[in-house]
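Step one of this worksheet: look at the structure below.
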Amino acid sequence: IFSHIDVSTVERFNLAGAWLLHKVGVVGLFKGERLREQRIYIERYDEVRGEMLIRYFSHFDEPIFLYLDGRDRYPSHRKVRSYKFIDRLFVNEYRLWLPLGDATTLSGRVGNINTDIYLAGRGWRGAIPIKSIREHFREVDRVDSSKFPLSIRVQRMLYSNIIFRKMFRDSWMFIDRDIQADDNGEHLYRYVESHYPDINSLFVLRRESHDWDRLKREGFRLIPFGSILHKALLLNSKYLISSHADGYIVDFLPKKYFRDLINFKYIFLQHGVTQNNLSRWLNSKDISLFITASDREYHSICGDFTSYKFTPKEVALTGFPRHDKLIEGRNSKEKIILIMPTWREYLVGKVLGKGNIREKKSNFSDTLYAKSWKSLLHSERLKNLIKEFGYRVIFFPHINISPYIDEFEIPEDIELLTHSDGSIQDIFKRASIMVTDYSSVAFEMAILKRGVIYYQFDYDTTYGGKHFIERGYFDYRRDGFGDVCSRLDELIDSLEALLIKGGEPKSIYLDRVDRFFKFSDGRNSKRVIDAIFNLESCAISNSLDIDVLKREADIAWKFKEWRAVDSRYSSLVMERGIRDADSIIRMLRGKCKLGKLHEAKALMERYREYISIDDIERDIVELETLLSPLDSYELELLEDGLSYENLSRWFADRRWNLIYVAIKLEPKEHISLEKLAQFHYMVLVTLNMLGRRDEAISYLDRVRVYD
């Protein structure tokens with residue numbers, strides 16, 4: 001079909017929500033071609049660190065060249081996010097954080113195309129003033145509250161009054177779930193209270209939670225969830241720090257009415273190791289810092305060619321705060337088998353209001369989920385094994401399954417525990433074996449080096465769209481920490497084998513544990529706090545690893561991006577001490593292409609011993625001849641490079657020699673498509689004025705093609 005549709009038709013198509021992402025993907029995947037124009041989008045601005053997040057799209061591996069006040073600059077962080085179409089690459093989204101410093105303008109190119117820069121739907125040709133970027137992001141959250149309902153206006157005044165501002169100034173707000181603590185939020189709060197007592201830290205929880213009295217006795221500064229104090233805290237906090245990313249936590253106050261008053265940065269501690277692909281959900285969250293526990297998890301989230309939007313700037317590999325306390329209990333195990341399945345989205349009812357309380361659905365006992373776990377709990381073989389080996393069995397259902405506990409008809413020889421019965425961390429420490437399905441709690445047992453069995457009777461259903469998760473980097477059979485079973489008899493066989501060995505995992509699973517977790521030194525909380533403090537730091541390293549710089553220089557050479565060639569190879573040779581002939585020659589050629597004749601000649605003499613002079617001398621002689629008609633002022637103008645804007649100014653000033661030299665040094669691909677007709681016209685007139693009639697005739701046809 002697409003063989004009958006040309007690129008220009010796709011470029012002009014703007015219906016059905018089609019925008020640049022779709023156009024780049026369609027033309028690249030189905031036609032193997034590129035669009036004739038590109039765009040750079042400015043998405044965010046970090047005022048503290050003076051960085052902006054930009055992005056662009058390409059089906060091919062096209063680099064971006066960014067210039068601040070005309071000088072080549074590198075991003076501090078970058079990420080390539082991939083979009084797939086039936087397991088084939090549709091388009092890559094390139095996301096980059098660029099430090100602005102004291103620059104006044106930004107310009108850029110994708111590949112060899114001069115690129116428009118878009119901010120909030122408005123496009124800039126050539127360069128965008130940095131002032132416009134900063135002003136936009138200062139204005140974007142402003143609202144006209146006079147049009148809000150009276151009740152909202154009263155709330156805005158109440159929650160942000162001077163009393164609350166003083167009470168909660170620069171506060172750190174911690175929360176796990178609304179109805180439950182005992183997660184990374186609680187553990188990090190405890191660490192902050194102990195090590196940083198000057199921080200104004202508070203913990204949010206429902207007053208009716210089973211954890212409220214426990215934390216109150218411990219001295220936690222508790223704020224009731226949903227209260228006026230909670231809402232005032234949200235409007236005055238510096239950080240919102242939580243193990244969960246649900247809407248009732250991060251968007252409790254509607255942004256429609258409160259976005260101009262909300263200033264906190266959201267720190268996502270995670271509830272458990274992210275093993276599945278949660279990008280569709282998490283990409284919708286405005287996460288300033290995303291905490292991870294393993295190398296593979298970290299790279300799955302901020303590494304290239306994954307489906308997450310996050311760059312290494314927003315993601316930290318620190319380990320989980322709760323693991324600091326957990327690993328202290330490695331020698332506390334008892335003869336306990338912990339059965340702990342997770343939930344399924346299709347099994348439970350809708351959320352009631354703002355929080356984690358849900359309506360109860362009927363017919364739960366008829367589901368495969370209920371029947372499978374009930375069969376295990378009532379298994380005669382299980383009953384005989386726990387008698388033979390002297391083990392206790394604890395059934396600990398997910399909190400979202402708690403309303404359906406009675407439907408399992410739990411036998412008397414199996415203990416039922418829930419979060420209201422004590423700390424789940426203590427249960428992990430005591431258990432020798434865990435039976436779960438897809439839950440991340442398996443990682444808790446793994447870090448303790450305890451036995452794990454995965455009971456996955458509904459794998460295809462769970463990963464087929466009925467639950468909210470998608471397959472990620474973690475494969476249970478290849479990467480898991482225990483046997484994977486799909487039938488009850490397999491599960492009991494694996495359990496018996498573990499019991500015979502006293503719950504000791506096989507060596508293959510212990511090796512996987514050692515390879516998976518980055519830290520087990522009890523310093524995770526400190527690393528998390530250091531990462532949070534780093535958000536406040538204005539220091540940005542502008543130095544690139546030398547191998548990265550070499551790669552970036554080679555890319556600039558490949559695309560004949562002469563300003564970048566000059567900048568990057570000069571850095572390699574003159575700052576990093578690289579002395580290979582290719583790098584020096586490329587540096588000199590870059591300077592020649594920019595008309596930097598005197599600099600090229602001086603450096604040629606300085607590095608003469610490392611290179612063959614003949615080739616570069618020929619370039620310099622040709623450059624001297626080409627530049628000879630220009631005066632000193634025109635030589636300065638030439639260093640700005642060839643662009644449509646520069647060409648227009650030179651044309652208006654009738655600087656024919658300057659225009660001629662510029663078009664000889666730089667290709668027309670640096671001129672945007674819609675300006676090519678005017679560009680060719682100005683070149684045609686220039687050649688005619690210089691008496692170069694034969695060259696002028698060749699441009700006449702080009703003017704007609706693009707007119």
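The values are calculated or read from the model by the stated rules, or taken from the named source; none is laboratory data. Just so we're clear, the structure is a prediction, and the values are computed from it rather than from any experiment. Heads up, the Cβs are rebuilt from the backbone with ideal geometry, glycines too, and the neighbour counts pull from every protein chain shown.
Taking first residues from the stretch 199-211 that are farther than 10 Å from D176 by Cβ and partners that are part of a strand (DSSP E or B) and hydroxyl-bearing (S, T, Y), the Cβ contacts under 8 Å between residues at least 6 apart in sequence or on separate chains come to N200/S171; S201/S171; L202/S171.
Scanning the stretch 70-83 for residues that are over 26 Å from L278 (Cα atoms) and in contact with a Gly (Cβ under 9 Å, 6 or more places away or on another chain) gives G70, R73. Residues that are surrounded by fewer than 18 Cβ atoms within 10 Å (Cβ to Cβ) and modelled with pLDDT of 90 or more were ranked within the stretch 530-545; the one that is farthest from V48 (Cα to Cα) is D530. Among the residues of the stretch 381-420, those that are basic (K, R) and either without any contact (Cβ under 8 Å) to a residue 40 or more places away in the chain or assigned to a helix (DSSP H, G or I) (or both) comprise R381, K383, K387. Among the residues of the stretch 424-482, the ones that are in contact with a Leu (Cβ under 6 Å, 6 or more places away or on another chain) and farther than 24 Å from Y391 by Cβ come to 1 in all. Taken together, the residues in the stretch 510-527 that are in contact with a strand residue (DSSP E or B) (Cβ under 6 Å, 6 or more places away or on another chain) and in a helix (DSSP H, G or I) amount to 1. Do we find that G595 is of a type in the set (G, A, S), under 22 Å from R109 (Cα atoms) and not in a helix (DSSP H, G or I) in this structure? Here the answer is yes, as G595 does meet what is asked.
Residues of the stretch 126-161 that are under 16 Å from N263 (Cβ atoms) and among the β-branched types (V, I, T): V140, V143. For the stretch 181-195, name all the residues that are assigned to a loop (DSSP other than H, G, I, E, B), under 17 Å from L240 (Cβ atoms) and not small (G, A, S). If the condition is that a residue be assigned to a loop (DSSP other than H, G, I, E, B), under 17 Å from L240 (Cβ atoms) and not small (G, A, S), then D183 is the only one that fits.
Applying the selection to the stretch 602-618, what residues are surrounded by fewer than 18 Cβ atoms within 10 Å (Cβ to Cβ) and either in contact (Cβ under 8 Å) with a residue 12 or more places away in the chain or under 23 Å from S567 (Cβ atoms) (or both)? Step through it out loud before you land on a result.
Let us first name the residues in the stretch 602-618 that are surrounded by fewer than 18 Cβ atoms within 10 Å (Cβ to Cβ), namely 602, 605-606, 608-610, 612-615, 617-618.
Across the stretch 602-618, the qualifying residues are A602, E605, R606, R608, Y610, S612, D615, E617.
Quickly run through the stretch 364-380 and pick out the residues that are without any contact (Cβ under 8 Å) to a residue 40 or more places away in the chain, over 38 Å from the mean Cα position of the chain (by Cα) and over 25 Å from K335 (Cβ atoms). Within the stretch 364-380, D366, K371 qualify. Residues of the stretch 535-578 that are in contact (Cβ under 8 Å) with a residue 40 or more places away in the chain, out of contact with any Lys or Arg (no Cβ under 8 Å at 6 or more places or on another chain) and over 24 Å from L638 (Cα atoms): E536, S541, N542, L544.
Residue-wise test of (1) assigned by TED's automatic domain parsing to the domain that holds E43; (2) within 27 Å of K79 (Cα to Cα); (3) free of Cβ contacts under 8 Å to residues at least 24 places away in the same chain; (4) surrounded by fewer than 22 Cβ atoms within 10 Å (Cβ to Cβ).
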site: D304; (1), (2), (3), (4): no, yes, no, yes
site: F310; (1), (2), (3), (4): no, yes, no, no
site: V315; (1), (2), (3), (4): no, yes, no, no
site: K335; (1), (2), (3), (4): no, no, no, yes
site: L338; (1), (2), (3), (4): no, no, no, no
site: W343; (1), (2), (3), (4): no, no, no, yes
site: Y346; (1), (2), (3), (4): no, no, no, yes
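Please specify each residue of the stretch 1-53 satisfying the condition of being of a type in the set (F, W, Y), surrounded by 15 or more Cβ atoms within 10 Å (Cβ to Cβ) and either free of Cβ contacts under 8 Å to residues at least 40 places away in the same chain or part of a helix (DSSP H, G or I) (or both). Show your work before the answer.
Filtering the stretch 1-53 down to residues of a type in the set (F, W, Y) leaves 2, 13, 19, 30, 41, 45.
The next check asks that each one be surrounded by 15 or more Cβ atoms within 10 Å (Cβ to Cβ); those that pass are 2, 30, 41, 45.
If the condition is that a residue be of a type in the set (F, W, Y), surrounded by 15 or more Cβ atoms within 10 Å (Cβ to Cβ) and either free of Cβ contacts under 8 Å to residues at least 40 places away in the same chain or part of a helix (DSSP H, G or I) (or both), then F2, F30 are the ones that fit.
Applying the criterion of being part of a helix (DSSP H, G or I) and of a type in the set (S, T, N, Q) to the residues of the stretch 622-640, the residue that is surrounded by the most Cβ atoms within 10 Å (Cβ to Cβ) is T625.
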